[in-house]
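Asks: Please see the structure below; I have some questions.
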Amino acid sequence: AKRRFRLAMSDYGAAIVLPGLIRRLRQDAPGIDLQISHASREGMLDAVLNGDIDLAAGVFPELPPALRRLSLFEEHFACLVDRQRLPASAELDLPTYLARPHVLLEMRGSGTPEIERALTTLNLRRHVAISLPHWSVAPQLIRGTDLVLTVAARGLHGIDDPQLVIRPPPFHIPSFTFVLVWHERRGGDQALNWLNRQIAQAIVHG
């Protein structure tokens with residue numbers, strides 16, 4: 001079969017979804033082409049509603065009634081810090097977290113509202129020193145600085161730098177579900193349903 005699918009996801013989503021999916025497609029369905037785009041959460045949902053893309057992968061706490069979803073995995077948050085900038089206990093405690101400047105990953109209309117909501121619940125605030133839309137460069141900003149990066153934990157799995165350490169957030173941030181989203185009018189599209197299954201299996205088996 002030959003077909004081109006249009007998918008939208010962040011670079012975090014691409015790092016999680018694409019490596020395993022591409023290996024499966026090149027082995028079992030080399031006639032399938034993928035066109036990947038990047039947008040905010042709201043932008044991805046609008047594109048699915050308008051028919052500009054076939055499928056969106058990401059975190060969408062609220063969906064319009066016309067959209068359908070498939071849950072792929074539960075994700076939690078983790079903090080990345082420079083080892084030499086940790087307290088003597090080598091742990092990231094709440095006073096240290098709040099005193100440090102932070103890196104925020106944010107596209108217009110997306111950001112990380114889960115973190116801010118968790119802090120607001122505790123009547124706390126953090127200082128965001130750097131806000132940027134690119135996931136892949138963010139860990140590189142932590143080495144040799146006092147910055148803290150709080151992000152989805154799976155995005156930190158490939159980091160291999162002894163100077164960088166991963167610590168749990170010193171307060172509770174609810175976990176979230178990473179999902180696939182498509183329009184209900186595509187429910188009978190067997191090729192798209194097949195791709196959904198391939199993505200789900202790639203997440204589990206690589």
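The values are calculated or read from the model by the stated rules, or taken from the named source; none is laboratory data. Computed from a prediction, not measured in an experiment: that's the story for all the values here. Glycine gets a Cβ as well: all are built from the backbone with ideal geometry, and neighbour counts include every protein chain shown. Ligands, DNA and RNA are excluded from the accessible area calculation, which covers all protein heavy atoms including side chains. Shrake-Rupley method; radii C 1.70, N 1.55, O 1.52, S 1.80 Å.
Asks: Tell me the residue from Asp93, Asp52, Asp33, Asp46 that is of a type outside the set (Gly, Ala, Ser) and in contact with a Lys or Arg (Cβ under 6 Å, 6 or more places away or on another chain), please. If you could, list the steps in order and put the result at the bottom.
Replies: Values: Asp93 fails: in contact with a Lys or Arg (Cβ under 6 Å, 6 or more places away or on another chain); Asp52 fails: in contact with a Lys or Arg (Cβ under 6 Å, 6 or more places away or on another chain); Asp46 fails: in contact with a Lys or Arg (Cβ under 6 Å, 6 or more places away or on another chain).
Just one listed residue meets the conditions, Asp33.
Asks: Follow-up. Can you name every residue in the stretch 47-75 that is within 9 Å of Phe178 (Cβ to Cβ) and assigned to a strand (DSSP E or B)? Give the steps one after another, and end with the answer.
Replies: As a first pass, look at the stretch 47-75 and keep what is within 9 Å of Phe178 (Cβ to Cβ): 57-59, 71-75.
Those that are within 9 Å of Phe178 (Cβ to Cβ) and assigned to a strand (DSSP E or B): Ala57, Gly58, Ser71, Leu72, Phe73, Glu74, Glu75.
Asks: Shifting gears a bit: Where residues in the stretch 117-169 are over 17 Å from Ala78 (Cβ atoms) and charged (D, E, K, R), which of them is surrounded by the most Cβ atoms within 10 Å (Cβ to Cβ)?
Replies: Asp146
Asks: Under the condition of being exposed (fewer than 14 other Cβ atoms within 10 Å of the Cβ) and within 19 Å of the chain's Cα centre (by Cα), which residue from the stretch 170-204 is nearest to Asn123 (Cα to Cα)?
Replies: Here the residue is His172.
Asks: Filter the stretch 4-52 down to the residues that are surrounded by 14 or more Cβ atoms within 10 Å (Cβ to Cβ), over 19 Å from Trp135 (Cβ atoms) and out of contact with any Phe, Trp or Tyr (no Cβ under 9 Å at 6 or more places or on another chain) and list them by number.
Replies: Correct list: Phe5, Arg6, Arg24, Leu25, Asp46, Ala47, Leu49, Asp52.
Asks: I would also like to ask the following. Which one of the conditions (1) open to solvent by 40 Å² or more (accessible area, probe 1.4 Å); (2) under 24 Å from Val48 (Cα atoms) does Ala99 fail to meet, given that it meets all the rest?
Replies: (2)
Asks: What residue, among those in the stretch 1-29 that are under 12 Å from the mean Cα position of the chain (by Cα) and among the β-branched types (Val, Ile, Thr), is modelled with the lowest pLDDT?
Replies: The extreme case among them is Ile16.
Asks: Could you tell me how many of the residues in the stretch 161-203 are under 17 Å from Ile16 (Cα atoms) and out of contact with any Asp or Glu (no Cβ under 9 Å at 6 or more places or on another chain)? Outline the logic, then answer.
Replies: The first filter runs over the stretch 161-203 and keeps only residues under 17 Å from Ile16 (Cα atoms), leaving 175-181, 195-203.
Checking which are out of contact with any Asp or Glu (no Cβ under 9 Å at 6 or more places or on another chain) leaves us with 179-181, 196-197, 199-203.
Selection size over the stretch 161-203: 10.
Asks: So is Val81 open to solvent by less than 40 Å² (accessible area, probe 1.4 Å), at pLDDT 95 or above, closer than 30 Å to Thr145 by Cα and not in a loop (DSSP other than H, G, I, E, B) or not? Walk me through how you get there before you give the answer.
Replies: Numbers: open to solvent by less than 40 Å² (accessible area, probe 1.4 Å): yes; at pLDDT 95 or above: yes; closer than 30 Å to Thr145 by Cα: yes; not in a loop (DSSP other than H, G, I, E, B): yes.
Yes, satisfied.
Asks: Condition first: touching a Leu at 6+ places or on another chain (Cβ under 6 Å) and either within 30 Å of Glu184 (Cα to Cα) or among the acidic types (Asp, Glu) (or both). Now tell me which residues in the stretch 70-107 satisfy that.
Replies: Leu70
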